[in-house]
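For reference, the structure discussed in these notes is given below.
The values are calculated or read from the model by the stated rules, or taken from the named source; none is laboratory data. Keep in mind it's a predicted model, so treat the numbers as computed, not measured. Glycine gets a Cβ as well: all are built from the backbone with ideal geometry, and neighbour counts include every protein chain shown.
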Amino acid sequence: MPGQVTVPVVLVTGFLGAGKTTFINDLLARADGRKIASIVNDFGSINIDAALLESRTDEVIGLRNGCICCSLQGDLLRTMKTVLGKSAPDLIVIEASGIADPAGVVQGLMDPVLFRAAALDSVICLVDVEDVLGDPARWNDPLWQAQVRGSDLIQLSKVTPGDARLSEVETRLAAMGRKPVFGLDGSAAEIGDLIGATVTRQSGAPSARTTQSRFATVEWTCPGAVSLPRFQGVIQTLAPKLLRAKGFLTLREKPGQTLLFQMVGRRASLVPATQDLPGCSLVLIGEAEGFEPNAALRLLDALRAG
Ligand SMILES: Nc1nc2c(ncn2[C@@H]2O[C@H](COP(=O)(O)OP(=O)(O)OP(=O)(O)O)[C@@H](O)[C@H]2O)c(=O)[nH]1
């Protein structure tokens, strides 16, 4: 279309809990008046990431119940067209789920009609330094590798500035051909680092297709409040098999207050949420081999009893 403005698109990828939402929120806080639309793909039907971004972005759309690298590719394209049709943002940021292979998302975004209106500028991958240093097996994880190799830029998260092991992380990422690396000194990539880069892309089949069957997910909601010690007991029981858990909680001990629960590996936090959501809604994810959703649901359901 003559005179059509092409909106830049940034895809944010990275393993479960690597810090994608945190990075996007930080980016939005530094938007300098730019109108940014965010499209967030959570792996479950409860849209936690969309809720976490809502207050910071001009428009946030959650894509649920599937993965945008495969089953939701069509939904992503339709959503992009809707966003472009109604608001003409300055930038579209897409957060892939932590189980997505970015190659599948990139393939969808290369749709020639869409590309004229919204062109993918860069793919940035969040690499959780605590995770790779704490669990060196992550370097050989095929999905993690697909996320790193499928990106143009790397942003490190959970960095302790001055940590002598950072040079090892940098060297290993460089050996995978991944540069530049942001965050070695704790800093974050700017919007200007993410757009305007000319990256040559080729459409092709996604490299890894292990994502859907590899993980098991539990979604649990409860209209009322739960007891904190009993909730902690359930999480402690499940923790060895969990890769990621997140959600909103209401506790009997703190009536009327919504809390945000986050767990990545063995590290958990429970902090006041900025949203006011009644009851509890949680998403738990683990490797299908080892994590039993029905057993987890039974433990969680027992929390309703008091
Ligand atoms: N200390 C520290 N914590 C971080 C950093 N980035 C993220 N976190 C924490 O890590 C947890 C997961 O962060 P998110 O931003 O939700 O991660 P995500 O990649 O969006 O998670 P999924 O979408 O579930 O895959 C949260 O408790 C964050 O507060 C960081 O740079 N430093």
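Condition first: in a helix (DSSP H, G or I) and under 27 Å from Arg138 (Cβ atoms). Can you find one or more residues in the range 275-284 that meet it? I'd like the intermediate steps shown before the answer.
Narrowing the range 275-284 to residues in a helix (DSSP H, G or I): none.
Checking the range 275-284: not a single residue is in a helix (DSSP H, G or I) and under 27 Å from Arg138 (Cβ atoms).
Pairs please, first residue from the range 152-171 and within 11 Å of the ligand (Cβ to nearest atom), second anywhere and assigned to a helix (DSSP H, G or I) and among the small types (Gly, Ala, Ser), Cβ atoms under 9 Å, 6+ apart in sequence or on different chains.
Here the result reads none, with nothing in the range 152-171 linked to a residue that is assigned to a helix (DSSP H, G or I) and among the small types (Gly, Ala, Ser).
Anything in the range 239-286 that is more than 16 Å from the ligand (Cβ to nearest atom), surrounded by fewer than 21 Cβ atoms within 10 Å (Cβ to Cβ) and in contact (Cβ under 8 Å) with a residue 40 or more places away in the chain? List them, or say none.
Those that are more than 16 Å from the ligand (Cβ to nearest atom), surrounded by fewer than 21 Cβ atoms within 10 Å (Cβ to Cβ) and in contact (Cβ under 8 Å) with a residue 40 or more places away in the chain: Lys241, Leu277, Pro278, Gly279.
Which numbered condition trips up Ala174, out of (1) closer than 30 Å to Arg34 by Cα; (2) of a type outside the set (Ser, Thr, Tyr); (3) modelled with pLDDT under 95?
(1)
With the requirement that a residue be touching a residue at least 12 places away in the same chain (Cβ under 8 Å), surrounded by fewer than 22 Cβ atoms within 10 Å (Cβ to Cβ) and under 14 Å from Val7 (Cα atoms), what does the range 103-114 give you?
Met110, Leu114
Which residues, taken from the range 102-123, are touching an Asp or Glu at 6+ places or on another chain (Cβ under 8 Å) and away from the ligand (no atom under 16 Å from the Cβ)?
Step one: filter the range 102-123 for residues touching an Asp or Glu at 6+ places or on another chain (Cβ under 8 Å), giving 122-123.
Residue satisfying the conditions is Ser122 alone.
For Leu126, are the conditions met, namely being crowded, with 22+ Cβ neighbours inside 10 Å, more than 16 Å from the ligand (Cβ to nearest atom) and not small (Gly, Ala, Ser)?
So Leu126 fails the test.
Taking the condition surrounded by 14 or more Cβ atoms within 10 Å (Cβ to Cβ), more than 16 Å from the ligand (Cβ to nearest atom) and in a helix (DSSP H, G or I), does Ala296 pass?
yes
Which one is nearest to Val5 (Cα to Cα), of the residues in the range 77-101 that are out of contact with any Pro (no Cβ under 8 Å at 6 or more places or on another chain) and within 16 Å of the ligand (Cβ to nearest atom)?
Ranking the candidates gives Val93 first.
Just the residues that are of a type in the set (Asp, Glu) and within 20 Å of Lys20 (Cβ to Cβ), please, taken from the range 87-146.
Across the range 87-146, the qualifying residues are Glu95, Asp101, Asp121, Asp128, Glu130, Asp131, Asp135, Asp141.
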